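Accompanying notes for the structure given below.
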Amino acid sequence: MSEVKESIVDKLRVKIFETRPGMGAAAAYDISEKLKELLLKKDFVNMIFAAAPSQNEFLAFLSHRQGIDWERVNAFHMDEYVGLEKNARGSFGQFLNERIFGKVPFNKVYYINGNALDLAVECNRYAGLLHQLPPDIVCMGIGENTHIAFNDPHVADFNDLKLVKAVTLDEKSRRQQVHDKCFSGIEEVPVSAITLTVPALLESKYIFCIVPGNTKALAVYHTLYEEVQEGYPSTILRKHINATLYLDNASASIIRLKGDLPSLREYRNNERS
């Protein structure tokens, strides 16, 4: 495991690793240990997963961890596009099925149906499952615009009364899907999705947030140093009592956990040069 630097920003624990694989391996180890601990106390553990290339290394390591009784773990995913075919390349359910849902023997896997005839009914159905099976662990990332799940800045609500809702997507969010090579062009990216809300994610007892890569460096900066506000949805993670942020050197490239922080002007000037 690569060397790690650790700090705390408000309540959020931050761990920085030299490499992306080292970060993924560490997150998988920590989560597997938490799973084993919870399974000693509970009959079943409920987990929510994010679907994004940022999770690739972590999911690969987690799917190979030994000693986890997956048959007592229920799995959810945190968002899904509206109108995309179930087995389409960009489908979040399909992404997770290929990387973990189809690789380990979960007790149950609960998929969001982005092709439901009535989206409100589907949101209520999935919310009902979350009420019945409250999340113990959330494994998530942060978007380039600081979204968590598909709670983009224009729809994020820290006091949302809903657990699941349909949303329109921010253009930056849609462009990220092209940067991530999930779609060939923005015209292919759906304009709406079903997402778990911010309160649904924060309801989890433990949050593990895995954010590698230089395309996330500015989002990480905002997450740690902006005022906690809905304009930067990921800032809310600093209020959760059991949340950990995993970074690699690339995603942590413009933060300084000790000492002075570079100004955003300095960062943008460096980015242009």
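Sort through Arg238, Arg256, Arg265 and tell me the only one that's among the basic types (Lys, Arg), modelled with pLDDT of 95 or more, surrounded by fewer than 23 Cβ atoms within 10 Å (Cβ to Cβ) and over 25 Å from Ile112 (Cα atoms).
Values: Arg256 fails: modelled with pLDDT of 95 or more; Arg265 fails: modelled with pLDDT of 95 or more.
Among Arg238, Arg256, Arg265, only Arg238 is among the basic types (Lys, Arg), modelled with pLDDT of 95 or more, surrounded by fewer than 23 Cβ atoms within 10 Å (Cβ to Cβ) and over 25 Å from Ile112 (Cα atoms).
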What is the one condition in (1) over 23 Å from Glu71 (Cβ atoms); (2) not in a loop (DSSP other than H, G, I, E, B) that Glu85 does not satisfy?
-> (2)
Considering only residues of region 94-130 that are farther than 18 Å from Pro190 by Cβ and free of Cβ contacts under 8 Å to residues at least 24 places away in the same chain, which is farthest from the chain's Cα centre (by Cα)?
-> Val121
Residues being farther than 18 Å from Thr223 by Cβ and touching a Leu at 6+ places or on another chain (Cβ under 6 Å) - total across region 121-157 | 3
Glu71 fails exactly one of (1) surrounded by 15 or more Cβ atoms within 10 Å (Cβ to Cβ); (2) assigned to a helix (DSSP H, G or I); (3) modelled with pLDDT of 95 or more, namely (1)
Inside region 181-230, the number of residues satisfying the requirement of being assigned to a strand (DSSP E or B) and of a type in the set (A, V, I, L, M, F, W, C) is 8
Top-ranked residue in region 27-44 [being in contact with a strand residue (DSSP E or B) (Cβ under 7 Å, 6 or more places away or on another chain) and in a helix (DSSP H, G or I); ranked as farthest from Asp248 (Cα to Cα)] | Leu39
Do any residues in region 164-188 that are free of Cβ contacts under 8 Å to residues at least 24 places away in the same chain have Cβ atoms under 7 Å from those of residues that are part of a loop (DSSP other than H, G, I, E, B) and crowded, with 19+ Cβ neighbours inside 10 Å, where the two are at least six apart or on different chains, and which pairs are they?
-> Arg174/Val189; Val178/Val189
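The values are calculated or read from the model by the stated rules, or taken from the named source; none is laboratory data. Source: prediction; values computed, not measured. Positions of Cβ are generated from backbone atoms using ideal geometry, with glycine treated the same way; all protein chains shown enter the neighbour counts.
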